[in-house]
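The values are calculated or read from the model by the stated rules, or taken from the named source; none is laboratory data. Everything numeric in this text was worked out from a predicted model, so none of it was measured. Counting neighbours? That spans all protein chains shown, and the Cβs are built from the backbone with ideal geometry, glycine included. What goes into the accessible areas is simple: the full protein's heavy atoms, side chains included, and nothing from ligands, DNA or RNA. Shrake-Rupley method; radii C 1.70, N 1.55, O 1.52, S 1.80 Å.
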Amino acid sequence: MARSFAFARRYKRNIPAVIGLGIVILVLLLAVLAPVLRPGDPWAITGQPYLWPGQDARFPLGTDVLGRDILSGILHGASVSLFIGVASAVVAGLLGTALGAISGYYGGWIDDVLMRIAEAFQTVPSFLQALIIVALFTPSSITIVAAISAISWPGVARLVRAETKRVRSADFVSACYTFGMGNLRIIASQILPNCLAPLIVTVSVIVASAILIEAGLSFLGFGDPTQLSWGTMISIGRGTLRSAWYMSAIPGLAILVTVLGINLASEGLNDALNPHLRERLS
Amino acid sequence: MNIHTSLFDEQILEVENLQLGRSGSRAFSLVNGVSFSLKAGKTLALVGESGSGKSLTALSVLRLLPEPSVRVLGGSIRFEGRDLLSLNGPDLRDVRGGGIAMIFQEPLSALNPVMSIGNQLREAVRAHEKLDRKATDKRVIELLELVRMPDPERVAREFPHRLSGGMRQRVLIAMAMAGRPRVLIADEPTTALDVTVQAEVLDTLRGLQDKFGLAILLITHDLGLVADYASDVAVMYAGRIVEHGPVHEVLGSPFHPYTRGLLNARPHAGQIACGGVRPRLTEITGSVPNPLDMPSGCPFWPRCPVATGACQLRRPSLSPVGINHAAACFKAEALT
Amino acid sequence: MNMIAPATPLLDVRNLVVPHRKDGHAFNAVDDVSFSLQPGETLGLVGESGCGKSTLARAIMGLYPSSSGNISFKGADITTKGSSLFRPRRSRDITRGLQMVFQDPLLSLNPRATIGRIVEEPLIVNGVRNRAARRAKVGEMLTRVGLGPDVMDRLPHEFSGGQRQRIGIARALSLTPELIICDEPVSALDLSVQAQVLNLLNDLQVDLKLSYLFISHDIAVLRYMASRVIVMYLGKIVEAGPADVLWNAARHPYTKALIAAAPGDPTAGPRARPNKVTLGDIPSPVDRPHGCSFHTRCALRQSRCVETEPALRRVGPGHFVACHFA
Ligand SMILES: Nc1ncnc2c1ncn2[C@@H]1O[C@H](COP(=O)(O)OP(=O)(O)OP(=O)(O)O)[C@@H](O)[C@H]1O
Ligand SMILES: Nc1ncnc2c1ncn2[C@@H]1O[C@H](COP(=O)(O)OP(=O)(O)OP(=O)(O)O)[C@@H](O)[C@H]1O
Ligand code: SF4
Ligand SMILES: [Mg+2]
Ligand SMILES: [Mg+2]
């Protein structure tokens with residue numbers, strides 16, 4: 001109890017982080033409340049095409065090339081983008097944590113093999129790699145999440161491996177071994193809880209980068225054709241960038257703000273979870 | 001409160017009523033009313049447990065406190081008559097290293113890992129005197145010889161990580177000696193070293209003292225070292241000096257219950273069992289108080305075996321109990 | 001080095017070699033060490049930093065593999081051989097009987113686990129199913145070490161060094177071991193607290209019939225604790241014997257130097273302050289000197305010392321020395 005209290009106090013001191021958290025909560029709320037705020041299918045053609053924001057009170061953010069409501073798209077798209085972001089981060093986080101912990105704990109040839117694999121994933125530029133994976137399979141939410149996790153896990157694995165190596169040699173881990181605790185249990189109950197802080201931060205950064213990658217994929221036409229994400233909206237507006245730039249700019253801004261919010265919040269987490277760094281200075 | 005100052009003349013460094021801590025909203029005090037003086041050719045030992053404020057006291061003399069978290073809140077520090085607390089810029093740099101030098105507990109972290117020992121010593125020499133290249137090199141070797149470094153020419157070419165802990169500490173002492181200081185502050189100089197090496201380093205320090213009339217402030221928590229190397233001792237507890245006097249007086253007939261406790265807590269000659277049942281050691285119960293939560297009255301009363309009601313209400317001040325010997329305890333007199 | 005040999009010793013170490021790597025060089029941090037420990041005794045192990053005391057302790061606990069030799073506990077072989085990735089788990093009997101207390105009380109406690117959890121873990125792992133029984137045992141152990149059961153919900157950083165070391169001792173005690181390996185249990189503690197922990201270890205020894213392998217570099221502490229002493233230098237035993245013999249009539253020049261270098265007894269009053277013996281620095285264990293590994297620092301050195309390594313030989317009842325001239 002006292003611990004979470006102190007954590008909240010440290011987090012609150014960091015104004016940008018509080019703003020970031022505010023943004024994240026707002027986006028989450030909008031995503032959850034989308035069906036209430038803007039009921040109906042965001043794909044539905046509900047008005048006249050090419051309405052600029054503010055031109056028609058029914059469409060505060062205007063309409064797109066076919067007359068679909070942009071506000072509805074933004075609200076419903078939020079959940080698509082967030083889902084992709086969170087799902088990719090969770091999958092990459094779990095995979096990276098498991099492999100990184102095994103690699104760092106056991107060392108030796110297991111470590112060599114796993115790290116070679118991670119390296120192989122990291123040699124090709126990540127966006128290109130995601131593009132290839134999605135293109136090889138049919139673009140769908142599942143393949144997109146799979147592709148983004150595939151390019152993101154090595155980073156997590158490296159981090160967890162380094163942390164595991166550090167914590168593993170600590171005396172309290174040795175102590176657990178001396179009273180007979182098994183290896184997997186040591187990893188789960190002793191090592192991972194002590195790597196949690198940097199892990200949470202890294203994973204939250206993956207959420208942001210996954211949203212960006214998904215937008216990029218959709219922009220290039222490799223998004224899930226059945227889901228209206230912010231990326232899809234940008235690509236819809238792409239053809240009319242000169243005459244009706246707002247169609248791409250509004251979802252673009254949504255992405256920018258969300259990613260910024262997540263990054264600020266995760267940086268705040270980082271500082272608040274590492275009190276020792278800060279307390280020394282203050 | 002200066003019982004001792006009147007009796008000796010050559011006071012090189014005088015610290016009076018030093019107060020360290022933080023003021024303002026989250027105010028607290030870490031060192032309180034500490035006074036002592038250093039004389040040429042003598043060693044004053046500052047002993048006390050972890051957190052008693054020994055290092056902070058030492059750092060404040062060189063104006064090296066970790067400000068703003070800890071700063072000087074009051075008192076004065078005089079070096080050869082000059083007020084150190086009001087010095088600035090070049091004057092301060094003059095005193096640091098020139099008049100007063102310091103060596104630290106962990107020699108490795110005080111050395112630059114990517115610079116050879118010779119170059120680091122050269123820099124130290126250049127900081128204090130203008131010499132040509134050859135004279136500088138000569139002085140470097142001279143300094144290494146001064147600290148009885150075996151094979152100084154070779155050592156000058158080495159890098160810190162290639163030296164053992166004892167050699168590193170010698171290098172640091174050599175660096176400290178580069179400015180021909182009159183006062184040397186040694187903050188636990190041998191805590192990180194092995195016993196056999198520790199004795200050699202301290203013997204080296206004592207040799208330098210005899211040769212140059214250095215005044216040494218030796219910070220330690222080992223009373224055995226105090227007995228072997230110091231002429232005077234100040235025992236610190238919770239940021240205050242609780243007993244102060246010549247070594248043989250303080251260790252031979254301690255007045256403060258804390259000093260007695262420390263002396264008894266250590267296994268000593270009478271307690272060696274060699275197989276049989278071991279006699280119990282006399283322990284000091286409890287642990288050092290948190291500086292944010294100091295007991296009222298005498299800071300030692302919660303752990304003191306002879307505390308009375310008065311101890312909880314008022315704080316005893318350091319008062320004479322013998323020649324040059326003072327203790328801060330209400331019961332000091334009665335304990336003789 | 002067979003000392004007086006009654007029934008089976010509690011712990012028996014034979015010709016143990018434990019390798020380490022440092023900067024890419026392999027070396028034996030513990031080299032051909034043999035000794036045994038009888039039930040009820042406190043065997044002291046002294047030596048300077050890097051001589052392999054902790055490595056020996058950890059090898060006994062199965063934390064480091066040995067490259068040759070063997071370790072047996074109550075007659076059962078417990079040697080961890082080779083460097084298999086998956087450290088084999090020891091049988092519960094061994095785990096319960098043999099426990100360790102670490103040097104740094106803070107590093108040896110999981111910073112994110114409550115005290116109750118830390119002391120309870122050995123019980124969980126060793127098959128005590130009943131939660132209430134476990135909690136009761138934890139409370140009992142915490143009371144034993146002078147902390148009381150109400151500290152269970154607190155975290156390690158809320159305690160002082162001495163209290164943390166008590167928690168470490170409570171954890172080691174929770175399985176009711178017969179032998180506790182104490183690796184410098186008081187070195188990190190303040191003077192006033194050292195006495196508390198030493199007294200505690202003593203009381204526990206009497207009440208629970210414990211045996212200790214007590215590692216320290218502090219001669220005064222070891223003089224007080226140990227009934228028999230082993231002196232190590234650069235991975236090897238250079239002298240071993242009953243405490244009174246060793247402290248009063250040490251034969252090896254290193255043991256003598258170690259005793260002479262120790263700071264004096266502060267209560268002994270004023271004294272002349274002699275300059276201590278000059279030994280020079282300890283060589284690195286990675287390139288150990290040929291012949292007698294102490295010869296670089298030894299005053300008695302002859303050419304023979306540089307050429308041949310002295311064997312550990314018996315010089316008195318239970319007293320062994322590895323020196324050509326001692
Ligand atoms: N930068 C800092 N900010 C706040 N408090 C500090 C700082 N440095 C030291 N302190 C506190 O000041 C007190 C005295 O510290 P100091 O380092 O002087 O103790 P010490 O007597 O040298 O102990 P040790 O034997 O452990 O070196 C301690 O309670 C410590 O926590
Ligand atoms: N895990 C390790 N990997 C590689 N080398 C090690 C490891 N642990 C210790 N060593 C090295 O082995 C030698 C013996 O170390 P050990 O810790 O056993 O010494 P020690 O006698 O316990 O010293 P101390 O008094 O400093 O605790 C040292 O040179 C050390 O650097
Ligand atoms: S064998 Fe030789 S070098 Fe070694 S300790 Fe004995 S006398 Fe000294
Ligand atoms: Mg200090
Ligand atoms: Mg050790």
Condition check for C:Leu234: more than 16 Å from ligand 5 (Cβ to nearest atom), under 13 Å from C:Phe294 (Cβ atoms) and either modelled with pLDDT of 95 or more or surrounded by 19 or more Cβ atoms within 10 Å (Cβ to Cβ) (or both) | no
Unique residue being open to solvent by less than 30 Å² (accessible area, probe 1.4 Å), within 16 Å of ligand 1 (Cβ to nearest atom) and within 14 Å of another protein chain (Cβ to nearest Cβ) when the list is B:Val70, B:Val31, B:Val15 | B:Val70
Can you tell me which residues in region A:225-256 are among the β-branched types (Val, Ile, Thr) and farther than 16 Å from A:Glu214 by Cβ?
-> A:Thr240, A:Ile250
In this structure, is B:Phe159 closer than 24 Å to B:Val61 by Cα and aromatic (Phe, Trp, Tyr)?
-> no
With criteria (1) in contact with a Ser or Thr (Cβ under 9 Å, 6 or more places away or on another chain); (2) of a type outside the set (Ser, Thr, Tyr); (3) surrounded by fewer than 19 Cβ atoms within 10 Å (Cβ to Cβ), A:Pro198 comes up short on (1)
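Listed here are the residues, each with its yes/no results for (1) among the basic types (Lys, Arg); (2) away from ligand 3 (no atom under 16 Å from the Cβ).
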position	(1), (2)
C:Asp218	no, yes
C:Val231	no, no
C:Asp244	no, yes
C:Lys256	yes, no
C:Pro283	no, no
C:Pro289	no, no
C:Gln302	no, no
C:Val306	no, no
Looking for whichever is polar (S, T, N, Q), assigned by TED's automatic domain parsing to the domain that holds B:Val171, in a helix (DSSP H, G or I) and more than 16 Å from ligand 2 (Cβ to nearest atom) here; the options are B:Ser109, B:Ser37. Which one fits?
-> B:Ser109
Name the pairs: first residue in region B:48-60 and in the same structural domain as B:Ala186 (by TED's automatic domain parsing), second residue among the hydroxyl-bearing types (Ser, Thr, Tyr) and away from ligand 5 (no atom under 16 Å from the Cβ), Cβ to Cβ under 8 Å, at least 6 apart or on different chains?
-> B:Gly48/B:Tyr237; B:Glu49/B:Tyr237; B:Glu49/C:Ser192; B:Ser52/B:Tyr237
For region C:169-180, does any single residue satisfy the condition of being at pLDDT 90 or above, over 26 Å from C:Leu10 (Cα atoms) and not in a loop (DSSP other than H, G, I, E, B)?
-> no
Residue among B:Asp232, B:Asp228, B:Asp194, B:Asp210 that is touching a Gly at 6+ places or on another chain (Cβ under 8 Å) and within 16 Å of ligand 5 (Cβ to nearest atom) = B:Asp194
How many of the residues making up region B:250-268 are more than 9 Å from every other protein chain (Cβ to nearest Cβ), assigned to a helix (DSSP H, G or I) and surrounded by fewer than 22 Cβ atoms within 10 Å (Cβ to Cβ)?
-> 1
Among B:Arg139, B:Arg180, which is away from ligand 5 (no atom under 16 Å from the Cβ), assigned to a loop (DSSP other than H, G, I, E, B), more than 14 Å from every other protein chain (Cβ to nearest Cβ) and modelled with pLDDT of 90 or more?
-> B:Arg180
Where residues in region B:282-311 are surrounded by fewer than 14 Cβ atoms within 10 Å (Cβ to Cβ), out of contact with any strand residue (DSSP E or B) (no Cβ under 7 Å at 6 or more places or on another chain) and not in a loop (DSSP other than H, G, I, E, B), which of them is modelled with the lowest pLDDT?
-> B:Asp293
How many residues does region C:19-59 hold that are open to solvent by less than 20 Å² (accessible area, probe 1.4 Å) and either within 13 Å of ligand 5 (Cβ to nearest atom) or in a loop (DSSP other than H, G, I, E, B) (or both)?
-> 13
Which numbered condition B:Met149 misses (of (1) in a helix (DSSP H, G or I); (2) modelled with pLDDT under 90) = (1)
Mind listing whichever residues of region C:197-229 are closer than 24 Å to C:Leu142 by Cα, surrounded by fewer than 23 Cβ atoms within 10 Å (Cβ to Cβ) and within 8 Å of chain B (Cβ to nearest Cβ)?
-> C:Asn199, C:Asn202, C:Val206
Go through (1) away from chain B (no Cβ under 13 Å); (2) closer than 30 Å to C:Ile181 by Cα; (3) open to solvent by 60 Å² or more (accessible area, probe 1.4 Å) and name the single condition C:Asp244 misses.
-> (1)
